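Let me begin by presenting the structure, written as structure tokens, before commenting on it.
Taken together, the values in this text are just the output of simple stated rules run on the coordinates, not laboratory data. Quick caveat, the model's predicted, so the values are computed rather than measured. Neighbour counts are summed over all protein chains in view; Cβ atoms, including those assigned to glycine, are modelled from backbone coordinates with ideal geometry.
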């Protein structure tokens, strides 16, 4: 699949963080985005939209990112979830991977790191 | 980070007014260090010789360095070495203040000596290469802040100052801290709570105009009104800084702290049962107040 055809879900309670990640992804060629403002909405939109790639923050109101990862992977164990968080502790990294996330990006986001993540998954 | 404490020192001494300091910090961004300033700092020339060369420059096309060599004040090698040398950031601030007529080079030199003597700062720590004295400066600055975990508190504040430099800019100086009991009158604020063994509430507070400029710097985008992006920028900075603090604590002490989502508000009296320590960072665009209160 080409990146321009991939549907990408971005779950973060910060409108700025969502925009910044979207801008980086758009600069790489992505064009189809779905946004969620908390973990609950992320799960709902995953079920409704079936995105090809998911970026999730951890610290979110109502439902945190790790809980959302668990629910999404229960729905679809092959879901491609990337955690993007400021709290990149060993504990959080372990929790994210055990919950089913495929990778972890420490904020502030680095465009090269995002490029590497998408290039390994899309043409 | 030495210069961030030095500006506050100049203010406390009455050597500069707040407006003079702000004007100098603004001008500093587009200024370049001059050979005369470097030569005086290196002890190779005095203020009178520098002034003599400057006057001579007005009558000739020659560069400052060439005139210094002609007059025997510097050798060619010394000029090259000075131009290639790394210099302490406070020198540029001093140069700008001197250009603006706030004080002369000798007065500035005396103030620097007074500051490093008062704070027992070794000469080598004044350069950009070595900032070993910074923990001591932070500790002195926070000497009135009681804490259940002083080590964590000082790490938090030192990291916060570094993150302000990294994500907002280095053109600020710390003003005298203020202790609030019971409540703090917030203007436009973002707040976040760290949980775990070091529970602390941190508030980032400023006027609307300052918030717009703060956000523009943080997001590297030109905002001109206070909107959801400006609010998000304040929350994001706090969340990023607190997250990085948690990572540091986890890596250094194997202690896992938690973090609640940030919240925002305006024109509110923020209450606390513990003392609230407010340290104002005077940027060239306004004052950014950081308020910490430990919840344990």
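Computed values, structure above
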{"read-out": "Among B:238, B:74, B:92: highest mean-square fluctuation, GNM of chain B, C-alpha pairs under 10 Å", "value": "B:74"}
{"read-out": "Most fluctuating residue given options A:57, A:76, A:112, as computed from a GNM of chain A linking Cα atoms under 10 Å", "value": "A:112"}
{"read-out": "Label-reachable residues, region B:17-57, where backbone N falls under 12 Å from a point 7 Å from residue B:70's Cα toward its Cβ", "value": "B:53-57"}
{"read-out": "Highest-fluctuation residue, B:162, B:242, B:149 considered, GNM on chain B with Cα pairs under 10 Å", "value": "B:149"}
{"read-out": "FRET efficiency, 1/(1 + (r/R0)^6) with R0 22 Å, evaluated for residue A:110 and residue A:5 via beta carbons", "value": "0.35"}
{"read-out": "For B:142, B:68, order by how many other beta-carbon atoms lie within 10 Å, fewest first", "value": "B:142, B:68"}
{"read-out": "Rounded tilt (10° steps) of B:208-219 against the dominant C-alpha axis of chain B", "value": "80 degrees"}
{"read-out": "Estimated FRET transfer efficiency when R0 is 35 angstrom, pair residue B:162-residue A:98 (beta carbons, to 0.05)", "value": "0.65"}
{"read-out": "Cα gyration tensor shape for region B:2-126, rounded if a/c is under 1.5, else prolate or oblate", "value": "prolate"}
{"read-out": "Beta bridges by DSSP in the protein assembly as shown, antiparallel share as percent, to the nearest 5", "value": "70 percent"}
{"read-out": "Highest-first arrangement of A:85-95, A:20-30, where packing means the average Cβ count within 10 Å", "value": "A:85-95, A:20-30"}
{"read-out": "C-alpha center-to-center spacing [region B:180-251, region A:77-123] in angstrom", "value": "24 Å"}
{"read-out": "Residue-averaged beta-carbon neighbours from other chains (10 angstrom radius) around A:54-62", "value": "2"}
{"read-out": "Relative contact order of chain B, defined on C-alpha pairs under 8 angstrom at six or more residues apart (%)", "value": "21 percent"}
{"read-out": "Cα centroid of region B:51-84 to Cα centroid of region B:1-47, whole Å", "value": "22 Å"}
{"read-out": "Other protein chain Cβ atoms within 10 Å, averaged over every residue that makes up A:83-93", "value": "6"}
{"read-out": "Average other protein chain Cβ within 10 Å of Cβ, residues B:240-248", "value": "5"}
{"read-out": "Extended-chain gain in nm, criterion 0.36 nm per residue less alpha-carbon gap, residue B:227 and residue B:208", "value": "5.8 nm"}
{"read-out": "Ranking of A:63, B:188, B:19 by count of other Cβ atoms within 10 Å, fewest first", "value": "B:19, A:63, B:188"}
{"read-out": "Gyration tensor (alpha-carbon) shape descriptor, chain A, a/c threshold 1.5", "value": "rounded"}
{"read-out": "Exposure proxy order (Cβ contacts within 10 Å, fewest to most) of B:193, B:173, B:148", "value": "B:148, B:193, B:173"}
